[in-house]
Structures are given as structure tokens and as C-alpha cells.
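Notes to accompany the following structure.
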Amino acid sequence: MKYEVKRACGHTETIQLFGTYKNRMIRYAWAQQQPCRDCYLAERRQEEKALAEELGLPELAGTEKQVAWANSLRLDWAKPLYDKLDYWRQRGVGEAVLAQCKQAIVEVLSSRTDAKWWIDHRHELGALLRPELEKLLVAINADSEG
């Protein structure tokens, strides 16, 4: 059934819900607490842009839609890596080493500035970027031990 739902952002949308009446009402109540799709995407793009600026990543080249999608792919790939840096910080790894690791991640993420590349290779980003990152991290490890 179709329902008009007023989202948390104030916009109204038509949504289609299936299932029992009880399940439809549960999903309807949940939908009221969420922003509309446009507001959600706008908020996500702002967060991605802020993170890219914070990391000092270069702008991607392509159409507006390509750049938005590629930025999302690039930062979705980077987020777990930065979470891992926090994990290692809590385990007592020195800030100098962590800064070098962060710089290595930024270097790998900055090596490709064509939005089309990120989109075309979205299913194999790990296989393509991990060897580059590992090579940089091995060099950092060798420098810190030597």
C-alpha cells in the first residue's frame, strides 16, 4: 500500500509498504524518523566533502554525478583504514608512525583523480589499492625499525 509520510526533515514523500498491517505501521513509524532521500544524500555528500578536505584529497574529475559517486566509493574504502588507525592508537602505536600511515593512505587515495576510474573499478578497489598501500606501509615499518 502507498502511504504519504512526513519525514524528519519536514519533507513529505509517498512510500510503498508491504506486509501485515502491524509491519507496515512499524516501517511507517521508522520512515517518519528518517530524512527524505534527497536530504539524506545531501547530508552524506557534505560529510564526504568535509572528510575529503580534512584529509587533503584532491578533487576528482568528471561529471557532478560521477564525482559524487566516486567520492563516496573512495571514502567508503578509506573509512575502515582510518578506523584501524584509531585502533592502533589505542594499542600504543606512536603518533609519528600513525601520521606516516595516514599519509600513505592519503597518497594511495590521491593517486587517482579520475572519477571514472573509481566507478569502473568499484568492485576491485581492495585488490588494486591494497598492494600499493602495503608497499608504503612496509617502507614505513622498515624506517621505524631501522
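So which residues in region 1-42 are in a helix (DSSP H, G or I), out of contact with any Cys (no Cβ under 9 Å at 6 or more places or on another chain) and closer than 29 Å to N71 by Cβ?
Residues of region 1-42 in a helix (DSSP H, G or I): 21-32, 37-42.
Narrowing the set further to residues that are out of contact with any Cys (no Cβ under 9 Å at 6 or more places or on another chain) leaves 21-32, 37, 41-42.
Across region 1-42, the qualifying residues are W30, A31, R37, L41, A42.
Table: residues versus (1) under 20 Å from L129 (Cβ atoms); (2) under 15 Å from the mean Cα position of the chain (by Cα).
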{"site": "E54", "(1), (2)": "yes, yes"}
{"site": "L60", "(1), (2)": "yes, yes"}
{"site": "E64", "(1), (2)": "no, no"}
{"site": "S72", "(1), (2)": "yes, yes"}
{"site": "W77", "(1), (2)": "yes, yes"}
{"site": "D83", "(1), (2)": "yes, yes"}
{"site": "E95", "(1), (2)": "no, no"}
{"site": "Q100", "(1), (2)": "yes, no"}
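Which residue pairs have Cβ atoms closer than 6 Å, lie 6 or more positions apart in sequence or on different chains, and pair a first residue in region 90-116 that is assigned by TED's automatic domain parsing to the domain that holds W69 and β-branched (V, I, T) with a second residue that is assigned to a loop (DSSP other than H, G, I, E, B) and loosely packed, with under 15 Cβ neighbours inside 10 Å?
From region 90-116, the pairs are T113/P58.
Checking the structure you have, find out if any residue of region 122-144 is under 30 Å from T12 (Cβ atoms) and surrounded by 15 or more Cβ atoms within 10 Å (Cβ to Cβ). Can you show your working first?
Applying the first criterion (under 30 Å from T12 (Cβ atoms)) to region 122-144 yields none.
No.
Examine region 15-35 for a residue that is hydroxyl-bearing (S, T, Y) and in the same structural domain as W118 (by TED's automatic domain parsing), and state whether such a residue exists. Quick ask: steps written out before the conclusion?
First, pick out the residues of region 15-35 that are hydroxyl-bearing (S, T, Y): 20-21, 28.
If we keep only those that are in the same structural domain as W118 (by TED's automatic domain parsing) too, we end up with none.
Within region 15-35, not a single residue is hydroxyl-bearing (S, T, Y) and in the same structural domain as W118 (by TED's automatic domain parsing).
The values are calculated or read from the model by the stated rules, or taken from the named source; none is laboratory data. Predicted, not measured: the structure shown is a model, and the values here were computed from it. Cβ sites come from the backbone with ideal geometry, for glycine too, and all protein chains shown count toward neighbours.
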